[in-house]
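Notes follow the structure.
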Amino acid sequence: MRHAESKRCLVVGGGFVGGHVARRLANAGHRVTIFSRGINPWLAERSEDVDVVRGTVETDGDVLGQLVRDTDVVLHFASSSKPPAAAAAPATGVESSITPAVLVLQAVADAGGGRTLVLASSGGTVYGAPDVLPTPESHPLRPSTPYAIAHVAVEHYAEYFAQHYGVASVIVRLANVYGPGELGRAGQGVIGTWLACAACGDRATLAGSLEIARDYVYAEDAAEGIRLLVECGARGTFNIGSSTATSLQDVLASVVKIVGSPLELALDTSEHATAHVPRTQLDCSRLRVETGWHPEVTLSAGIERTWDWTAAYLASGAPVSAFVSG
């Protein structure tokens, strides 16, 4: 049953994170449309009461424009940029991350006032090597990779469109999101990648050291934080993470325990595989104060849920390459 505050929500990009956000919004009674070239297989299994319009931001501007005009909240997740690929080919990274975001910003500006735009950024990279842990949103932005630079550029474009066109934006700086539907496309997402390798019997790769620590947040927890921001009408920038740093050594131990067999690792020594930030840990108190949100799924429980879905999905004969992000 729809609640009194039901909103028309347009999710641009039906990949891993966008899929979880779309499902969470629909479950809460909002009217959800996804505009994407394809949708994540996790969402495809549970896409009831979600409308899907196929297309791309770059080539179907007229369709996007009409969808934006017919909505209250636009949530942008349509980026295919991955850290190693962006480092190897920075121009391609610009095309796959900055360009789509600017086109969405322009579409919202052209549609006129009264709409909110939620933009996904990277809480794990935009701060660089942080001075403070946990790291608050007020920390200086010191991106040290093309992937991080692109996210910071998108945030600056959001500021520009706010000042010059009155586009009301919410920036969500996401920690390392993991969960069902993450299959490690192009090696992004260590948990999804390692679990997919375990399911397929493949050797996994390690970029850097097992001492590297990251803030991991379960996809449904991240989606819930975004839902709450949409419903309370928040503005500004918000970290979304677990506020806990977990080493790759501990992640590996959890994966091995849950999978029930050793996972062979090979060190990736390629030029663009080095991790530039030794530790990430986000301060999410602003989100907690604004909405009451807190993460509910522990890392071990989240890895187990992700493994259950990954193993079943790959056992069905579906290849990892079947995962098409928006």
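The values are calculated or read from the model by the stated rules, or taken from the named source; none is laboratory data. This one's a predicted model, so the numbers in the text were calculated from it and none came from an experiment. Every residue, glycine as well, gets a Cβ built from its backbone with ideal geometry; the counts of neighbours run over all protein chains shown.
Being under 19 Å from Ser285 (Cα atoms) and among the acidic types (Asp, Glu) is the filter; apply it to region 117-157 and report the residue that is surrounded by the fewest Cβ atoms within 10 Å (Cβ to Cβ).
Within region 117-157, the match that is surrounded by the fewest Cβ atoms within 10 Å (Cβ to Cβ) is Asp131.
Determine, yes or no, whether Asp215 is at pLDDT 95 or above, of a type in the set (D, E, K, R) and either buried (at least 17 other Cβ atoms within 10 Å of the Cβ) or under 19 Å from the mean Cα position of the chain (by Cα) (or both).
yes
Which ones in region 52-85 are charged (D, E, K, R) and either modelled with pLDDT under 95 or in a loop (DSSP other than H, G, I, E, B) (or both)?
If the condition is that a residue be charged (D, E, K, R) and either modelled with pLDDT under 95 or in a loop (DSSP other than H, G, I, E, B) (or both), then Glu58, Asp60, Asp70, Asp72, Lys82 are the ones that fit.
Please pick out the residue among Val21, Val32, Val12 that is in contact (Cβ under 8 Å) with a residue 12 or more places away in the chain, outside any helix (DSSP H, G or I) and within 26 Å of Gln188 (Cα to Cα).
Val12
Taking the conditions exactly as written (part of a helix (DSSP H, G or I) and of a type outside the set (A, V, I, L, M, F, W, C)), does Gly38 satisfy them or not?
Answer is no for this residue.
Among the residues of region 197-213, is any in contact with a Phe, Trp or Tyr (Cβ under 6 Å, 6 or more places away or on another chain) and not in a strand (DSSP E or B)?
Of the residues in region 197-213, the ones in contact with a Phe, Trp or Tyr (Cβ under 6 Å, 6 or more places away or on another chain) are 204.
With the extra rule that they be not in a strand (DSSP E or B), the set shrinks to none.
No, there is no match, as no residue in region 197-213 is in contact with a Phe, Trp or Tyr (Cβ under 6 Å, 6 or more places away or on another chain) and not in a strand (DSSP E or B).
Go through the residues of region 261-272 one by one and say whether even a single one is under 29 Å from Gly38 (Cα atoms) and either modelled with pLDDT of 95 or more or surrounded by 13 or more Cβ atoms within 10 Å (Cβ to Cβ) (or both). Break it down into steps so the answer makes sense when it comes.
Keep residues of region 261-272 that are under 29 Å from Gly38 (Cα atoms), which gives 272.
With either modelled with pLDDT of 95 or more or surrounded by 13 or more Cβ atoms within 10 Å (Cβ to Cβ) (or both) added as a condition, the list becomes 272.
For region 261-272, residues under 29 Å from Gly38 (Cα atoms) and either modelled with pLDDT of 95 or more or surrounded by 13 or more Cβ atoms within 10 Å (Cβ to Cβ) (or both): present.
Considering only region 97-116, state which residues are in a helix (DSSP H, G or I), buried (at least 19 other Cβ atoms within 10 Å of the Cβ) and of a type in the set (Ser, Thr, Tyr).
The answer is Ser97, and nothing else.
Which residues, counting only those in region 150-194, are in a strand (DSSP E or B) and polar (S, T, N, Q)?
Once the filter is applied, which keeps residues that are in a strand (DSSP E or B) and polar (S, T, N, Q), region 150-194 yields Ser169, Asn176.
What is the one condition in (1) modelled with pLDDT of 95 or more; (2) surrounded by fewer than 18 Cβ atoms within 10 Å (Cβ to Cβ) that Arg227 does not satisfy?
It is condition (2) that Arg227 fails.
Among the residues of region 178-201, is any basic (Lys, Arg) and modelled with pLDDT of 95 or more?
no
Would you check if there is a residue in region 195-206 being surrounded by fewer than 24 Cβ atoms within 10 Å (Cβ to Cβ), among the acidic types (Asp, Glu) and touching a residue at least 24 places away in the same chain (Cβ under 8 Å)?
Within region 195-206, not a single residue is surrounded by fewer than 24 Cβ atoms within 10 Å (Cβ to Cβ), among the acidic types (Asp, Glu) and touching a residue at least 24 places away in the same chain (Cβ under 8 Å).
Here is a check on your reading of the model: is Phe16 in contact with a strand residue (DSSP E or B) (Cβ under 6 Å, 6 or more places away or on another chain) and of a type in the set (Phe, Trp, Tyr)?
no
Going through region 273-296 one residue at a time, which ones are buried (at least 21 other Cβ atoms within 10 Å of the Cβ) and either under 17 Å from Val17 (Cα atoms) or at pLDDT below 95 (or both)?
Pro295
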